[in-house]
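The block underneath contains the structure these notes are about, expressed in structure tokens.
The values are calculated or read from the model by the stated rules, or taken from the named source; none is laboratory data. Since the model is a prediction, treat every value here as computed from it, not as a measurement. Backbone-built Cβ (ideal geometry, glycine too); neighbour counts: all protein chains shown.
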Amino acid sequence: MRNYEIMFIVNPTAADEDVDKINGQIEGVITAGGGKAEKIEKLGKRRLAYIVKKFREGSFVLFTVQADGAIIREVERRLRVMDLVIKYLTVRMDDDMKRLAKIKAHRQKRAAHRGRARGEASDRRGPSPAEQMPEE
Amino acid sequence: MAMQKQYYRRKKVCKFCVERIDSINYKDVKLLSQFVPERSKIMPRRISGVCTPHQRLLSDAIKKARNIALLPFASE
């Protein structure tokens, strides 16, 4: 199982129900294949940076998905076939997530190490602004 | 060494290292658009001062954003 993000643009003239219908279909494909749609976000209408199929704007939808490659292939095939979907993009996220986790762990380790070196083990929230980590 | 420059040039620093921005996401148009000038080309490192690892992530993110029409490929 891998983590993916699927983003697609729906025809701006499509009704809200149509967008919901597409979302339902895609979610169905994912769950039927044994995957999981973790998040479905409608990002609303946005101006496109360039003209796609004669449209200057489109409504964006973002899926956060946990699935196998075969499911993704099927989803992409469906998206290609749907007339209302004018563009889609699938991005694999797990490499990125792994990288972020590594950086975070590294920072925590360093912060702990620095605190100990200064004998501030009791005071975890070090007063020095240099070691102030962004809260996550 | 040629003629010595009289004025002091500020050393450029990588925005992502300084502000500790770890994830360069393709959805973050506001962040990415700081690195695409008017012609919508990707800003070179020698101008923006971004370090090599971050520039690599940045250019990947910009290319993804272009693909889904969040950023233009070219604009005249």
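For the reader, a short list of remarks on this structure follows.
- Residue selected from segment B:28-76 under the condition β-branched (Val, Ile, Thr) and away from chain A (no Cβ under 13 Å), by the criterion nearest to residue A:91 (Cα to Cα): B:42
- Some residue of segment A:46-59 being closer than 24 Å to residue B:25 by Cα, away from chain B (no Cβ under 14 Å) and in contact with a Ser or Thr (Cβ under 8 Å, 6 or more places away or on another chain): no
- The single condition from (1) part of a helix (DSSP H, G or I); (2) in contact with a Ser or Thr (Cβ under 9 Å, 6 or more places away or on another chain); (3) within 26 Å of residue A:6 (Cβ to Cβ) that residue B:42 fails is (1).
- Qualifying residue in segment A:21-39 (condition: closer than 13 Å to residue A:85 by Cβ and within 14 Å of chain B (Cβ to nearest Cβ)): no
- Considering the conditions (1) free of Cβ contacts under 8 Å to residues at least 24 places away in the same chain; (2) within 23 Å of residue B:71 (Cα to Cα), residue B:15 is excluded by exactly one of them, (1).
- For segment A:4-19, the tally of residues that are exposed (fewer than 15 other Cβ atoms within 10 Å of the Cβ) and part of a loop (DSSP other than H, G, I, E, B) stands at 2.
- Of all residues in segment A:84-100, those that are over 15 Å from residue A:9 (Cα atoms) have Cβ atoms under 6 Å from Cβ atoms of residues that are not acidic (Asp, Glu), 6 or more apart or on another chain, in A:92/A:4; A:93/A:3; A:94/A:2; A:94/A:3; A:100/B:23.
- Residue identified as free of Cβ contacts under 8 Å to residues at least 24 places away in the same chain and of a type in the set (Gly, Ala, Ser) among B:23, B:40: B:23
- Against the conditions (1) under 20 Å from residue A:55 (Cα atoms); (2) at pLDDT 90 or above, residue B:55 satisfies every one except (1).
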